[in-house]
1. Return the total of residues in segment 52-77 being polar (S, T, N, Q) and over 20 Å from Asn130 (Cβ atoms).
2. Give me the pairs, please: first residue somewhere in segment 14-34 and open to solvent by less than 100 Å² (accessible area, probe 1.4 Å), second residue anywhere and at pLDDT below 95 and hydroxyl-bearing (Ser, Thr, Tyr), beta-carbon distance under 8 Å, and either six or more positions apart or on two chains.
3. Can you pull out the residues in segment 151-185 that are over 14 Å from Phe136 (Cα atoms) and more than 14 Å from the chain's Cα centre (by Cα)?
4. Kindly establish whether Lys115 is basic (Lys, Arg) and either over 25 Å from Gly181 (Cβ atoms) or in contact with a Phe, Trp or Tyr (Cβ under 8 Å, 6 or more places away or on another chain) (or both).
5. Consider Leu191 against the criteria (1) touching a Ser or Thr at 6+ places or on another chain (Cβ under 8 Å); (2) under 25 Å from Arg19 (Cβ atoms); (3) modelled with pLDDT under 95: it satisfies all of them except one. Which criterion is unmet?
6. Name the residue that is least open to solvent (accessible area, probe 1.4 Å), counting only residues in segment 142-152 that are assigned to a strand (DSSP E or B) and over 22 Å from Phe49 (Cα atoms).
7. May I ask you to list the residues in segment 35-49 that are assigned to a strand (DSSP E or B) and free of Cβ contacts under 8 Å to residues at least 40 places away in the same chain?
8. Here is a check on your reading of the model: is Pro133 modelled with pLDDT of 95 or more, more than 12 Å from the chain's Cα centre (by Cα) and of a type outside the set (S, T, N, Q)?
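The values are calculated or read from the model by the stated rules, or taken from the named source; none is laboratory data. Keep in mind the model is a prediction, meaning the values are calculated, not measured. All Cβ positions, glycine included, derive from the backbone under ideal geometry; neighbour counts span all protein chains shown. Ligands, DNA and RNA are stripped out before the accessible areas are found, and what is left, the full protein with its side chains, is counted by its heavy atoms. Shrake-Rupley method; radii C 1.70, N 1.55, O 1.52, S 1.80 Å.
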Amino acid sequence: MDKVPYLLKRDVFSDEELRLIFDELQFLNNSHLMQPPENSGSARVDGEFIKNNKGVFLRNVYCREDASSIIRLLKDKLEQYVIEYSNVHITNLNAADTNEIWFLVSYYENEDCYKPHEDATFATALFWFNKEPQKFTGGDLTFNNTNEVVEYKNNTFVIFPGWARHSVSPVYFDGEGDREGRYCVTVGLHLVPK
């Protein structure tokens, strides 16, 4: 395959929606909720964790999805974008039929990265956020088998097949700040037999 059949959207949320999302991200990013790779769903190669960041599955924080602005707002965008994504390539056709999803909030600071891996999903959706002005470089998404690079930008959505080998380049913090690195909300989309 020459290119990974992905869908990219920039400037996804309004300023008010971003404020709600970022307030929740700041709440989640504390030492009690955000967990190291061994507790936040890291892929492994030869038994070694291949990501260096912190994360939390939102199902471990909220007993009701409607209690989370992140889940509510991202689900609304997913509904419209998954239909568009399913038309990008024949391999994506069943994306609109996914019937199980999960949400993982990840936070990347200085030199945090995610080495090349595939996901155990039908499709993986990523939503990227940071406090403005951006105080870091890096954090780009690379599709490793095709050498396609999706440059990191705040308020971005990208969805791609779980089989696509991908990685996140190291994040280099340019300044000082509290929780002002790269946030990624990963949404795993699955087709589960019923």
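1. 1
2. Close Cβ pairs (under 8 Å, with a partner that is at pLDDT below 95 and hydroxyl-bearing (Ser, Thr, Tyr)) amount to Met34/Ser40.
3. Within segment 151-185, Trp163, Ala164, Arg165 meet the criteria.
4. no
5. (2)
6. Out of the qualifying residues, it is Val150.
7. The answer is Gln35, Arg44, Glu48, Phe49.
8. no
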